[in-house]
Structure formats: C-alpha cells, structure tokens
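In what follows, a structure is listed as structure tokens, so that the remarks can point back to it.
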Amino acid sequence: MALVTCDFFSDVLGLSTTMTVVLPQRTHSQIGMEGTERAGATPTLYLLHGLSDDATTWARRTSIERYATELGIAVVMPQVAKSFYSDEVYGDPYWTFLTEELPGLARSFFHLSDRREDTFVAGLSMGGYGAFQWALRKPEQIAAAASLSGALDVASLHEAVLERGEGFEVLRKVYGDTSVRGTDSDLLHLLSTVDPATLPALYQMCGTEDFLLQSNLDFRDTAARHGVPVTVDLRPGDHSWGLWDTTVQDVLAWLPLR
C-alpha cells in the first residue's frame, strides 16, 4: 500500500485542508504483507474521524493500512475539524464539502471508482453520525455505511446543550440555538422519511459500556419501526481505540465488495 498525505485547496471551504489516503499496491516481496491491486478503478472507503481527531488519526491508531491492503481498496480519510460533518451555522460548510466536493477531488487526484457500488463510508463517534447522515440523505452515492460508537442522536445531544448547558458545547456552533429535531440533521427523523429499498447497507456497532449506547439503541429501535434494515453489533467495550481497531476489520469484511 501507499500512504499519502494530500494537502489541497477546497473551493467549498475557501481554505487549504488535508486528507490521508491509503492506496493499493500489488507487492510480492514485502515481508509480512502481500499487497493486492484490483483491475480498473479502485473501490473506496471514506473513513471519518471523531470529534477530537483529524485526518491522520485512523492511520496512527489502527492498522487500517494493513487491513485494506488485503482487499485492494483505497481509504480516504478527510479532515473536518469539529463540524459533525455538517454545514455549520457559525462556521464552514463541511456537509457540502464531504458529499459534493471531496469525492470528485479524490477521484481527480487518484484512480478511484465513481460507481456507487464501489463507494463506502464508515466512521467513529462523530464520524459514525457523518457516515449514517451521508447514507440516509444521499443514498444514491453510497453502497454501504458503517457507524462505530456513533453519536446517532444529535438532536438530543444538541438540546442538552441548549436547555441545560450540558455536553458538547461545540454543537451550538454547528447547529445554532434552534433545535434540529425533525430536520435533516436528525437521523432518527430521517429514518421516518426514507425509502428502505433505496438505502445502502447499514452496519451499526456500539460497545455496551459506551456513553453513547442509548443513542445507538434508539437508532436501532427507530430503524426497526420504520422497516430500515441494519446489521446491529453490540459488544463489550467502551468509547476507545482498542474496540475500533478490532471492529474496523469486521466492517471491511462486511463491505459488499464486488
């Protein structure tokens, strides 16, 4: 595999930003790892970071490069600050950047497939929210989406800040001072509006000791009520990299690669 730090300018954000990219490379003499490269344009996993992280974190704290090499897929890890992958009320349009600008830029820089069936997204915590938001709001772009310990009930987290001053104060910057319940930022609401037949495959993992467990249970139960299929994986663990390093391997094995 090749590990690339790609610094570039975003017209949507109006600033220079970065992404870390893993690219497949066919190798035969590399000790301890044999690379795989697919014919044609490369299937791509967009792998999203959490609230306190950046574009380097997945590569630093897991073996994602090693895991991806056996599958011959590319992994694109963008940087979005603390935006919750949203068009911030008091900030920058990271939702537009993620779903409208980034895929085209990545494909212009690297030989990546533009086919829906070759395009996947996954993320942890804030990134789990971003992955499922992408899947539910723009299902025509994504074949499969995975959330690891996702912050899936943003509406409740935001209301806790507005009403009690508790939790992630950054949500006031992202969403402003008006509740997002019932809007496109509310994943539980989106589950009631989507056509399950059009959605990508969904994989949801959360540790049973995670502080976001209830949000994940609410998402699971709401999806079931609206007939949205979700592969649910609840396992022992908390909000930690040991769990995510293990689970991302299961996500890669689950992806519907052609």
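The values are calculated or read from the model by the stated rules, or taken from the named source; none is laboratory data. Because the structure is predicted, anything quoted here is derived from the model rather than measured. Ideal geometry is used to build each Cβ from the backbone, glycine not excepted, and the neighbour counts take in all protein chains shown. These area figures cover heavy atoms from the full protein model, side chains too; ligands, DNA and RNA do not enter into them. Shrake-Rupley method; radii C 1.70, N 1.55, O 1.52, S 1.80 Å.
Values computed for the structure shown
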{"read-out": "Among the residues listed as Ala253, Ala223, the single one being surrounded by fewer than 17 Cβ atoms within 10 Å (Cβ to Cβ), within 26 Å of Glu117 (Cα to Cα) and hydrophobic (A, V, I, L, M, F, W, C)", "value": "Ala253"}
{"read-out": "Residues (crowded, with 16+ Cβ neighbours inside 10 Å and either β-branched (Val, Ile, Thr) or in a loop (DSSP other than H, G, I, E, B) (or both)) located in the range 175-195", "value": "Ser179, Val180, Ser185, Asp186, Leu191, Val194"}
{"read-out": "Output for the range 82-98, where each listed residue is among the small types (Gly, Ala, Ser) and more than 12 Å from Gly127 (Cα to Cα)", "value": "Gly91"}
{"read-out": "Meets criteria (free of Cβ contacts under 8 Å to residues at least 12 places away in the same chain and hydrophobic (A, V, I, L, M, F, W, C)) for Ala144", "value": "no"}
{"read-out": "Subset of the range 107-135 [under 12 Å from the mean Cα position of the chain (by Cα) and open to solvent by 10 Å² or more (accessible area, probe 1.4 Å)]", "value": "Ser125"}
{"read-out": "Filtered residues of the range 217-233 (kept if in a helix (DSSP H, G or I), farther than 19 Å from Ala151 by Cβ and either at pLDDT below 95 or not aliphatic (A, V, I, L, M) (or both))", "value": "Arg225"}
{"read-out": "Enumeration of residues in the range 82-91 that are open to solvent by 50 Å² or more (accessible area, probe 1.4 Å) and of a type outside the set (Ser, Thr, Tyr)", "value": "Lys82, Asp87, Val89"}
{"read-out": "Among the candidates Gly72, Gly104, residue that is in contact with a Pro (Cβ under 7 Å, 6 or more places away or on another chain) and surrounded by fewer than 20 Cβ atoms within 10 Å (Cβ to Cβ)", "value": "Gly72"}
{"read-out": "Matching residues, the range 145-174, being open to solvent by 10 Å² or more (accessible area, probe 1.4 Å), in a helix (DSSP H, G or I) and farther than 14 Å from Tyr129 by Cα", "value": "Glu159, Ala160, Leu162, Glu163, Arg164, Val170, Arg172, Lys173"}
